[in-house]
Every structure is written in C-alpha cells, then in structure tokens.
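The values are calculated or read from the model by the stated rules, or taken from the named source; none is laboratory data. This structure is a prediction, so every number in the text was calculated from the model and none was measured. So basically every Cβ, Gly included, is an ideal-geometry build from the backbone, and we count neighbours across all protein chains shown.
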Amino acid sequence: MKADPRLKDVGEIRTTHLLDMVVDLHARMPFGGGPFGRRVLFGAAGGTFHGPRLSGDVHPGGGDWALFAPDGAMTLDVRLTLRTHDGALLHMTYGGRWVTPPEIRDALADPEERYRIDPASYYFRTNPVFETGAERYAWLNHTICVASGYLVEGGIAYKVSQIL
C-alpha cells in the first residue's frame, strides 16, 4: 500500500537530560479491588531532584494512585510538588506504565530484594508535565518529558528527559 501523500517528514524526536529524581515513599495504602483493577496509593514522603537547569526537593504529600490490572501491569497516576533550590514551587504530574514479567514479580514483592532488580528487566516509563507560576521556570509550562523509572531502597527513582 502506498503511503498517504499528506504525511511529512518532521524529523526524529530528540531529547535532552532534564533531571534525575528520587521519591521517598510511605508504606503503601491498598484500596483493594474495584471496577477498574486493584488501586494502591504510594504516598510521597519526600525526595530530591537534580539536573543541569533545576534542582531541589520533592515535597511530602503527593503520590501515585496506581492501578494494577489483572495481568500485573500498573498504570501510574502521579501528582507531586517540587520545591526548587531557590524556593519556586513546581506542580509535576505524570501517567505511565510499569510492566513486569511474571518471573520477577515475586522478587519485586520482596522489600529486601525489589531495589536490587536490574531495571532493564522491566518496562517502567512515564510522561511528566509541569506547571508553575515562577517566571524563571515558566519554560517548564510548555515542556513535555519522558522518563524511565526504577526502584531504589525506600522509593522510586526517575531519569527524566525533556523532548526538544
């Protein structure tokens, strides 16, 4: 079949490193099974973020209202507040997917082992967006990002890239 003539070459999607972030988590709060799956809140207890253009702390109180499907895949629904090193507040939200192969699910459920598992053995991707009233960070209001997540002792870490 011939390609649609309306299609144009818009170039490849390029990214650049925005920040690395660790979110410390409270103990999980399971809501149980509902009409869409098993809901669990992973509440944010704090954390830090560092990048070439911004750094600071993750404010306690946000979290991930995760939804687990029957096949074990998790859909993320995250809202966090970040405070930059110079006092600006950033509202960060993201969805995403965390898909784990059945053969590593038992190890992921073990609190002593979960953060030792190679992140390349599972698919954990998100799409962060930001909102802020701070003029010096207003460029974030128009920025779309992609991130890879992985488990660390006491929480979750992300490598976040800005889409150019």
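So the values come out like this:
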| item | result |
| --- | --- |
| Residues of the stretch 2-50 classified as exposed (fewer than 12 other Cβ atoms within 10 Å of the Cβ), within 15 Å of M74 (Cβ to Cβ) and either touching a residue at least 24 places away in the same chain (Cβ under 8 Å) or touching an Asp or Glu at 6+ places or on another chain (Cβ under 8 Å) (or both), total | 1 |
| Residues of the stretch 64-75 satisfying the condition of being in contact with a Ser or Thr (Cβ under 9 Å, 6 or more places away or on another chain), closer than 18 Å to S148 by Cβ and assigned to a strand (DSSP E or B) | A66, M74 |
| Selection from the stretch 106-126 of residues that are more than 21 Å from A45 (Cα to Cα) and touching a residue at least 24 places away in the same chain (Cβ under 8 Å) | I117, P119, Y122, Y123, R125 |
| Subset of the stretch 76-97 (residues that are free of Cβ contacts under 8 Å to residues at least 24 places away in the same chain, in a strand (DSSP E or B) and either closer than 16 Å to K159 by Cα or not hydroxyl-bearing (S, T, Y) (or both)) | D77, R79 |
| Every pair of residues 6+ apart whose Cβ atoms lie under 9 Å, when the first sits in the stretch 137-164 and is under 19 Å from V99 (Cβ atoms) while the second is modelled with pLDDT of 95 or more and among the basic types (K, R) | V146/R125; A147/R125; A147/K159; S148/R125; S148/K159; G149/R125; G149/K159; Y150/K159 |
| Count - residues of the stretch 98-155 that are assigned to a helix (DSSP H, G or I) and either surrounded by fewer than 16 Cβ atoms within 10 Å (Cβ to Cβ) or within 13 Å of the chain's Cα centre (by Cα) (or both) | 18 |
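One line per residue, one yes/no per condition, for (1) part of a loop (DSSP other than H, G, I, E, B); (2) of a type outside the set (D, E, K, R):
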position: I13; (1), (2): yes, yes
position: H17; (1), (2): no, yes
position: D20; (1), (2): no, no
position: D24; (1), (2): no, no
position: F31; (1), (2): no, yes
position: A45; (1), (2): no, yes
position: T48; (1), (2): no, yes
position: H59; (1), (2): no, yes
position: G62; (1), (2): no, yes
